[in-house]
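Every read-out reported here was derived from the displayed coordinates using simple, explicitly stated rules and does not represent laboratory data. In this text, all values refer to a predicted model and were calculated from it rather than measured experimentally. Cβ: placed from backbone, ideal geometry, glycine included. Neighbour counts: every protein chain shown.
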Amino acid sequence: MKRTLYKNLKLKLISITLAMSIGPLILLGGGIYYQFGKLYKERIEDQIRHMARSQSNAVDVFLRERTTILAMIVETHTFESLKDQDNLSRLFRLINRRAEGLGLVDLGVIDDQGRQLAYAGPYSLKGLNYYQQPWFDEAMRRGKYISDVYMGFRQVPHFIIAVKGETGNSSWILRATIDSDIFNRLVRSAQVGTSGDGFIVNRQGVFQTSPRFDGVILGDSKIDTQKFGEGTTVIEKKVPGSDTRYIGGSWLKDGDWVMVISQIAGQEKGWLVRARNTEILIIAIGCLVICSAIVLISHILVRHLEQTDKEMNELNSQLIQQDKLAALGKMAAGIAHEINNPLAVIGEKAGWMEDLLAEEEFRNSVNYQEFAASIAKIEEHVDRARKITHSMLGFARRMEPRLDDVEINRVLDQTIDIMANHARINDIEIRKHFTDRLPVIASDQSQLQQVFMNLINNAIDAIGSNGTIDITTQLDKDSINIIIRDDGPGIPEAIKKKIFDPFFTTKQSGKGTGLGLSISYSIIEKMGGRITVESSEGKGTAFVVSLPVVLPEKK
């Protein structure tokens, strides 16, 4: 409850201070961020609008240049001379030689019936009839015509420029095919950045040039060209799971084609983005510094109050625990006395039964061996129970410090007898490796037994089940070392330094007070000894108790 109280107090201090100091700063930052975002969007749209307008102008100039060249040829040459195959071929070679990069694939002269009378180019198209081709009717009607991209007789995507000529009462057409590679390179120059795309679509949204990403030439672009008005229009398209894509469109070829420029906003990294990010970084650092200072100060204040309260609670808890141990000792002594009485009766009756078996009438019984074995078993377990009750009495006899003549191996044997049943239930084997002829020392037997019991009990809890505990005694110059080693999971390095702190426990709630090792450490320290721990995760734990050799005559 107090922890919740202190937590709420700290939260209130932090909340009020943050609201008064950071609130205005966040509002200011939000306003600036919004304005930067708005300016950023406008700048992106202006860039795309400018690029679409510039690129459409470049394509228009490209198409007008080639239309003008064809119109000059029609005006400066007669129909008779152009329909002559040799003259047309010579003119085609002259144009390509003098105007390199013009991009004319071929030239053809077509009469008013759609028949191609002369052809200069890489294909065998002389004599073909174009009367049924859509572009032929448009060229005859308009006088000058640039077609959409189509497959035609050659079965490759291309488009043509056609100019009508007049000779007397008859009309004819000079047609040129434009090099698709040169035209596509011109359009692709608008594909900037890693996400930029540039392409041309007709009014129906069909690709007239190859896009950089999704789609192919003569495929459906899924772009609604009606969204593009006069001049240059920029529209937004939300890409699921990605940034916003801006699409700019500008009409060209007398409104038959749209030059489309596409760019993902996230790919544009200009001064505006850097300025906005700098502003966000400055505000974020300021907020972080203020938050850190407020949290730190609030934490120190509340921690100081909490620590003072905790120290008082720990003192009270230790007093309560000492009282519980004293009461437990008295209760253990009472239980031991109560058990000793029936044990004495059982032992007496077992001895009387053993005396009866000595008589001849029982000795000749067919069940004599079974009776004798049963009586021996009863006496064995009576002795075992009597040893345990004596150990309990020795442990509970007094709580105040007092020096006894202590045999360490004997105290360990008594403690193991008390803990043996607990270990056996959990399938844990306790193995003894005692050094013979250890000196008798002056110490407090009951408190040593309490320490050993705490360490063995902790080892059993750490193992859980199916393990071993090795208890070793060693004589080392002026000290006796008692090593209690288990093959449990070990202690993590992060908490090894905390295990002797009061109320620190890794056991589940309700299964440990966190005082056992703290009290044991205090007891051994007062005796002039020390407790150390050796442990690694996955390799078990060993507690080493070192006791000074204080001879009884010097106590």
Completion exercise
In nanometres, the difference between 0.36 nm per residue of separation and the alpha-carbon distance of T194 and K432 is 78.3 nm
Completion exercise
Extension length gain for A19 and V544 (0.36 nm per residue less Cα distance), in nm, is 183.6 nm
Exercise for the section: Could you list I499, I26, I425 in order of exposure, starting from the residue whose Cβ has the fewest other Cβ atoms within 10 Å? Expected result: I425, I26, I499
Practice task
Between Q113 and N8, with labels modelled 7 Å along Cα→Cβ, what's the label distance in nm to one decimal, could you check?
Solution key: 10.4 nm
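What FRET efficiency, computed as 1/(1 + (r/R0)^6) with R0 = 22 Å and r the Cβ-Cβ distance, is obtained for V156 and N57, rounded to the nearest 0.05?
Details: r = 28 Å, r/R0 = 1.27.
Computed FRET efficiency for V156 and N57: 0.20.
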Handout entry: Kirkwood Rh in Å, taken over all unlike Cα pairs in the range 77-182
Key = 13.9 Å
Problem - Virtual spin-label span in nm between Q132 and M72, 7 Å along Cα→Cβ - result: 3.8 nm
Practice task
Once you have the Cα-Cα distance between V440 and C291, take 0.36 nm times their residue separation minus that, and quote the gain in nm to one decimal.
Solution key: 47.4 nm
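May I ask you to order 467-480, 298-311 by the average number of other C-beta atoms within 10 Å around their residues, highest value first?
On the way: 467-480: 16.1, 298-311: 13.9.
Answer by packing, highest mean first, reads 467-480, 298-311.
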Handout entry: nm² value of the averaged projected area, convex hull over the Cα atoms of the range 1-152
Key = 19.3 nm²
Practice task
State, to one decimal in nm, how far the label point of D220 lies from the label point of T308, with both points 7 Å from Cα in the Cβ direction.
Solution key: 7.8 nm
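For the pair T468 and R363, what calculated FRET efficiency results from E = 1/(1 + (r/R0)^6), where r is the Cβ-Cβ distance and R0 = 51 Å, to the nearest 0.05? Show your work: numbers first, answer last.
Details: r = 45 Å, r/R0 = 0.88.
Working from the Cβ atoms, E equals 0.70.
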Fill in the blank from the handout: Percent relative contact order for the chain, counting Cα pairs under 8 Å at least six residues apart, stands at 10 percent
Completion exercise
Rounded to the angstrom and largest first, Cα extents along the principal axes for the chain equal 159, 74, 43
